[in-house]
1. About the Cα centre of the chain, what is the dipole size in debye to 20, counting +1 per Lys and Arg Cβ and -1 per Asp and Glu Cβ, all else neutral?
2. Given H placed 1.01 Å from N in the peptide plane, which residues other than close sequence neighbours of Gln50 have an amide H under 5 Å from its amide H?
3. Which residue fluctuates the most in the chain, going by a Gaussian network model with Cα springs under 10 Å, if the choices are Gln50, Gln126, Gln139?
4. When only alpha-carbon atoms count, how far does the chain stretch along each of its three principal axes, as whole angstroms with the largest first?
5. Within a 10 angstrom radius of the beta carbon, how do Tyr92, Tyr102, Tyr31 rank from fewest other beta carbons to most?
6. Treating only the Cβ of Lys, Arg, Asp and Glu as charged (+1, +1, -1, -1), what charge dipole size does the stretch 61-116 show about its Cα centre? Round to the nearest 20 debye.
7. Extension gain His150-Glu45, at 0.36 nm per residue separation less the Cα-Cα distance, in nm?
8. For the pair Ile28 and Asp175, what calculated FRET efficiency results from E = 1/(1 + (r/R0)^6), where r is the Cβ-Cβ distance and R0 = 41 Å, to the nearest 0.05?
Amino acid sequence: MTTTYQMFIETIVPNNQLIVSRTDLHGIITYANDTFAEISGYKVEELIGQPHNIVRHPDMPKSIFKEIWESVTQEQKWQGYVKNLRKDGGYYWVYAEISGVYKGNQLIEYKSMRSPIDNEIKIAMQKRYDELRTNEEGQSRVVLYLKNEHIRKIQKLSREEGRSEDSIIDDFLEDALF
Ligand SMILES: Cc1cc2nc3c(=O)[nH]c(=O)nc-3n(C[C@H](O)[C@H](O)[C@H](O)COP(=O)(O)O)c2cc1C
């Protein structure tokens, strides 16, 4: 459970800016431009050396990343919409193009250029990705209002048992519903 409202704060990618990154063949970030750092809330030094899933948002369906990796390992360009997670828990949407970097004929790295998208597309893609996750992963995104006393108890259990709040709620539901 993400109890933080940061999760709902969007950072807008300015129209004249491109987010650029490169990774090695395992998806470890080797280059990040200043715009990537600024929009994701990290410093460039914090991004370099990290797996690119550092900005993976929980709303993104697994199948999209499968598609990305299938394309790039077959040396094909992937283009599509991605919702990314900021360091502070907020998010930003981009249109991304991911492809290979070649030295002569040899594939040595992957690169990605990302640009801003319109609001209508963001809304349509959120709906599409919500549906994909529901169908493919048997999981739906829900926003709940819980009583403060219940939240406090869940947080206490989470600390005591060293488990996520999500997994505690899952267990309660499992017990109550089955
Ligand atoms: C060049 C390149 C750029 C990528 N950019 C992103 C990105 O912006 N956001 C993202 O979530 N995954 C991106 N990925 C995919 C990640 O490597 C990773 O597969 C994804 O975050 C899912 O994480 P997981 O594979 O650990 O489940 C990129 C991969 C490559 C090769």
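Values in this text are rule-based calculations from the coordinates and carry no lab data. Since the structure is predicted, the reported quantities are computational estimates derived from the model, not experimental observations. All Cβ positions, glycine included, derive from the backbone under ideal geometry; neighbour counts span all protein chains shown.
1. 300
2. Ile29
3. Gln139
4. Result for the chain: principal-axis Cα extents of 61, 35, 31 Å.
5. Listing Tyr92, Tyr102, Tyr31 from fewest to most nearby Cβ atoms yields Tyr102, Tyr31, Tyr92.
6. Charge dipole, the stretch 61-116, about its Cα centre: 200 debye, nearest 20.
7. Details: separation 105, 0.36 × 105 = 37.80 nm, distance 3.99 nm.
Answer, rounded to one decimal: 33.8 nm.
8. Working: r = 41 Å, r/R0 = 1.00.
About 0.50, to the nearest 0.05.
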